[in-house]
Amino acid sequence: MQIEVFKSKIHRAKVTQAELHYVGSITLDEALMEGANIIENEKVQIVNVNNGERFETYVIKGERNSGTVCLNGPAARRVQVGDVIIIVSYGIMDAEEAKSHKPRIIFPDSNNKIA
């Protein structure tokens with residue numbers, strides 16, 4: 001049996017931009033992606049700590065060490081610059097593998113740098 005499990009998380013990143021007139025997605029600093037083991041085009045869930053919004057989108061790689069966390073397209077309506085969000089990815093694996101899986105969690109600082 002295959003099950004979907006929590007793979008990784010960027011916990012409490014700060015939104016730096018919201019670009020409504022852009023093809024929908026989230027642009028993330030490449031260093032954050034690497035730290036959380038998230039790849040370009042991967043589906044992620046966004047949880048907005050400020051307003052409770054939850055939605056899914058996909059990741060676009062941003063400039064390394066830029067601190068970029070930019071919601072694009074319709075997702076830009078669900079955040080404000082400065083909001084704190086949690087970015088979660090999930091993986092599909094067999095139940096036995098899931099029992100020993102350890103998710104990767106990173107905690108960026110107030111400038112979206114890995115502490």
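The values are calculated or read from the model by the stated rules, or taken from the named source; none is laboratory data. The shown structure was predicted, so the numbers you read here are calculated from the model rather than taken from an experiment. For neighbour counting, all protein chains shown are included, and Cβ atoms are generated from backbone atoms with ideal geometry for every residue, glycine included.
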Read through the list (1) under 18 Å from HIS11 (Cβ atoms); (2) at pLDDT 95 or above; (3) touching an Asp or Glu at 6+ places or on another chain (Cβ under 7 Å), then give the number of the only condition that ILE85 fails. (3)
Just the residues that are among the basic types (Lys, Arg) and closer than 30 Å to ALA95 by Cα, please, taken from region 1-59. LYS7, LYS9, ARG12, LYS43, ARG54
Can you name the number of the only condition in (1) buried (at least 19 other Cβ atoms within 10 Å of the Cβ); (2) closer than 19 Å to ILE105 by Cα that ALA18 fails? (2)
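Quick one: which of LYS43, LYS61 is among the charged types (D, E, K, R), surrounded by fewer than 20 Cβ atoms within 10 Å (Cβ to Cβ) and over 23 Å from HIS101 (Cβ atoms)?
Working: LYS43 fails: over 23 Å from HIS101 (Cβ atoms).
Answer to the selection: LYS61.
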Given the structure, is GLY62 small (Gly, Ala, Ser) and modelled with pLDDT of 95 or more? yes
Residue that is nearest to ASP83 (Cα to Cα), among those in region 9-26 that are of a type outside the set (A, V, I, L, M, F, W, C) and under 9 Å from the mean Cα position of the chain (by Cα): HIS11
Is there a residue being out of contact with any Ser or Thr (no Cβ under 6 Å at 6 or more places or on another chain) and at positive phi anywhere in region 81-98? yes
For the structure I just gave you, tell me whether ALA36 is under 14 Å from ILE86 (Cα atoms), modelled with pLDDT of 95 or more, small (Gly, Ala, Ser) and surrounded by 15 or more Cβ atoms within 10 Å (Cβ to Cβ). yes
Scan region 67-115 for residues that are loosely packed, with under 12 Cβ neighbours inside 10 Å and without any contact (Cβ under 8 Å) to a residue 12 or more places away in the chain and jot them down. GLU96, LYS99, SER100, LYS102, ALA115
